[in-house]
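Notes follow once the structure below has been shown.
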Amino acid sequence: MQRFESTRLSHCGETGTWVMPSFRRQGVGKSLWKKGIFPWCRKNGFKHLGFFVMANNKTALCFYENLGFHICGYHRKLILSNKSGYSDALEMELWID
Ligand SMILES: CC(C)(COP(=O)(O)OP(=O)(O)OC[C@H]1O[C@@H](n2cnc3c(N)ncnc32)[C@H](O)[C@@H]1OP(=O)(O)O)[C@@H](O)C(=O)NCCC(=O)NCCS
């Protein structure tokens, strides 16, 4: 989890999730968030979580929507990779209690 340096954004965090391929679709990612990341964020004063995912990453979209995140932005050609050049990105966010 990365916290922004500005005090005005000190309640905001940014992160990603990666589960080893052989352990996917077994509830690992969901448990990681529910039992680990969300409680840790609450304990450490994070209120708003947000990040970018590649617009064609349907798995990530389903995964994060399942956790309560929603799409709040669309950015054309935001992500640059050596393999595929520029890709569009979706911005997702969630306010946590
Ligand atoms: C996205 C990722 C972290 C999901 O981890 P996971 O452990 O496989 O996810 P879970 O098994 O906990 O799934 C939780 C929910 O997410 C959704 N989901 C997960 N994988 C999915 C898939 N391939 N297709 C559709 N929905 C999916 C489902 O709603 C699922 O609930 P269900 O199993 O009850 O249907 C994993 O696929 C991954 O590491 N992908 C590569 C990295 C990446 O793209 N990260 C996201 C961008 S930061």
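All of the numbers you see were taken from the coordinates with simple rules; none came from a lab. For clarity, every value in this text was computed on a predicted model and none was experimentally measured. Cβ coordinates were reconstructed from backbone atoms using ideal geometry, including for glycine residues, and neighbour counts include every protein chain displayed.
Just to check your reading of the model, which residue among Lys34, Lys30 is basic (Lys, Arg), surrounded by 13 or more Cβ atoms within 10 Å (Cβ to Cβ) and closer than 17 Å to Ala60 by Cα? First the steps, then the outcome.
On the way: Lys34 fails: surrounded by 13 or more Cβ atoms within 10 Å (Cβ to Cβ).
Only one candidate qualifies: Lys30.
Just to be sure before I move on: is Asn44 loosely packed, with under 13 Cβ neighbours inside 10 Å and of a type in the set (S, T, N, Q) in the structure I sent? Even if it seems obvious, please write down each step before you answer.
On the way: loosely packed, with under 13 Cβ neighbours inside 10 Å: yes; of a type in the set (S, T, N, Q): yes.
In short, yes.
Phe52 is checked against (1) within 8 Å of the ligand (Cβ to nearest atom); (2) surrounded by 15 or more Cβ atoms within 10 Å (Cβ to Cβ) and fails just one. What number does that condition carry?
It is condition (1) that Phe52 fails.
Could you tell me whether Arg8 is within 11 Å of the ligand (Cβ to nearest atom) and not polar (S, T, N, Q)? Break it down into steps so the answer makes sense when it comes.
Details: within 11 Å of the ligand (Cβ to nearest atom): no; not polar (S, T, N, Q): yes.
No; evaluated as a whole, the condition is false for this residue.
Tell me whether the range 37-45 contains one or more residues that are touching a helix residue (DSSP H, G or I) at 6+ places or on another chain (Cβ under 9 Å) and either near the ligand (Cβ under 7 Å from one of its atoms) or among the charged types (D, E, K, R) (or both). Can you show your working first?
Going residue by residue through the range 37-45, those that are touching a helix residue (DSSP H, G or I) at 6+ places or on another chain (Cβ under 9 Å) are none.
The answer is no; no qualifying residue exists.
Can you pull out the residues in the range 17-36 that are near the ligand (Cβ under 7 Å from one of its atoms) and of a type outside the set (Ser, Thr, Tyr)? Even if it seems obvious, please write down each step before you answer.
Applying the first criterion (near the ligand (Cβ under 7 Å from one of its atoms)) to the range 17-36 yields 17-19, 23-31.
Those that are near the ligand (Cβ under 7 Å from one of its atoms) and of a type outside the set (Ser, Thr, Tyr): Trp18, Val19, Phe23, Arg24, Arg25, Gln26, Gly27, Val28, Gly29, Lys30.
Suppose we filter Lys58, Lys83, Lys77 for residues that are over 23 Å from Asp97 (Cα atoms), basic (Lys, Arg), near the ligand (Cβ under 8 Å from one of its atoms) and surrounded by fewer than 12 Cβ atoms within 10 Å (Cβ to Cβ); which single one remains? Please lay out each step first, then the result.
On the way: Lys83 fails: near the ligand (Cβ under 8 Å from one of its atoms); Lys77 fails: near the ligand (Cβ under 8 Å from one of its atoms).
Only one candidate qualifies: Lys58.
Give the residues of the range 1-27 that are surrounded by 11 or more Cβ atoms within 10 Å (Cβ to Cβ) and of a type in the set (A, V, I, L, M, F, W, C), sorted by residue number.
Residues satisfying the conditions are Met1, Phe4, Leu9, Cys12, Val19.
Report every pair of residues separated by at least 6 positions or lying on different chains whose Cβ atoms are under 7 Å apart, first residue within the range 1-18 and of a type in the set (D, E, K, R), second part of a loop (DSSP other than H, G, I, E, B).
Once the first residue is of a type in the set (D, E, K, R) and sits in the range 1-18, its partners that are part of a loop (DSSP other than H, G, I, E, B) give Arg3/Ser10.
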